Amino acid sequence: MQETGMSKKQGDLKDGLFTNVMRALFMILLSIFLYLVYVSFNDPIEALYINSFVFIIMTISVIGLILFIITQITKVIASKPFGLLIMSFVNTALIFFFIYQLFAPYFYSTETLEQTGINAIKTYYQLSDDKLSEDQREKMLTTTFTNNTAFSMMQRENYPNTKLQKIDIQTIEREYYLYYLTASIEIEEDSSTKNQLYQFEFKSESGRFKINGIKALDNN
C-alpha cells in the first residue's frame, strides 16, 4: 500500500510539473507573439519619430498589458476540461510560427525569392519619380524596405536618380531569416548605360520580404 501511495504521489508530481511547464511555455510564447503583432501593426514611420522616452513608456505599458491579458487567458484555459490539450496545441503552433520567422527564406522557392527581389528593385528605382506624392513615396518605401531602412532613406532622401534598364540576377543565398540577392543592374545615366553589381539583403517583416540593405560590389 505504501509503495502504491508513493507511486501515485510521484505520478501526481510529474503531471503537475508537466502542466506547469506547458503553462509557462504557453504564457511566454503567446506573450512574444502578441508583442510581435503589436509591433507589426504599429505605423513604422510614426513610431520612429516618437520621442525615445515616450516610446519606452509605451513599450512598458504594452508589455504590462500583454502580461495581464496572457495571465487571464491562461487562467480561463486552465480551468477548462481540455485546457492542457489546448495549450499544447497553441504551443506547437507558435513554435512552428517562430521557426518560420527564423528560417523564412527556406520556405520559398528560388524563383519566388528572385521575383520578389526583382519587384522590390524596380520599386526602388521608381522612388525618384517627381510625379509621386509624399504619401505615395512613403507607402512604396514602407512596403519595399524594412522599417529602419525606410526611415533612414526618408531622412536622407537617398533615392536613385538614374533610370533602370535591366536586372540580371546572379545569385541568391539564404542565411537564416535573411536572403541575399546579387544582381547586375543596368541603368541609364547622362544618355549612356552603365552596369553595376549590387547585393541586396532581404528580411522578412510584417509577412513579406523587404530590402534591408544595398551594397555595391566590385564588377570584377
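Would the range 138-151 turn up any residue that is without any contact (Cβ under 8 Å) to a residue 12 or more places away in the chain and not assigned by TED's automatic domain parsing to the domain that holds residue 98? Yes, that holds for at least one residue. Going through the range 191-211 one residue at a time, which ones are in a strand (DSSP E or B), among the hydroxyl-bearing types (Ser, Thr, Tyr) and surrounded by fewer than 14 Cβ atoms within 10 Å (Cβ to Cβ)? Passing the criteria: 192, 193.
Scanning the range 152-171 for residues that are touching a residue at least 12 places away in the same chain (Cβ under 8 Å), farther than 20 Å from residue 181 by Cβ and exposed (fewer than 15 other Cβ atoms within 10 Å of the Cβ) gives 161, 163.
Looking across the range 92-115, the residues that are more than 16 Å from the chain's Cα centre (by Cα) and in a helix (DSSP H, G or I) come down to 92, 93, 110, 111, 112, 114, 115. Filtering the range 176-201 to residues that are in contact (Cβ under 8 Å) with a residue 24 or more places away in the chain and of a type in the set (Asp, Glu) leaves 188, 189. Among the residues in the range 140-155, are any in a strand (DSSP E or B) and touching a Gly at 6+ places or on another chain (Cβ under 8 Å)? Checked against the condition, which is being in a strand (DSSP E or B) and touching a Gly at 6+ places or on another chain (Cβ under 8 Å), the range 140-155 yields no hits at all. For residue 146, the conditions (1) among the β-branched types (Val, Ile, Thr); (2) surrounded by 14 or more Cβ atoms within 10 Å (Cβ to Cβ); (3) in contact with a Leu (Cβ under 9 Å, 6 or more places away or on another chain) are fulfilled apart from (3).
The values are calculated or read from the model by the stated rules, or taken from the named source; none is laboratory data. Please read all numbers here as calculations on a predicted model, not as lab measurements. Neighbour counts run over all protein chains shown; Cβ positions are idealised from the backbone, glycine included.
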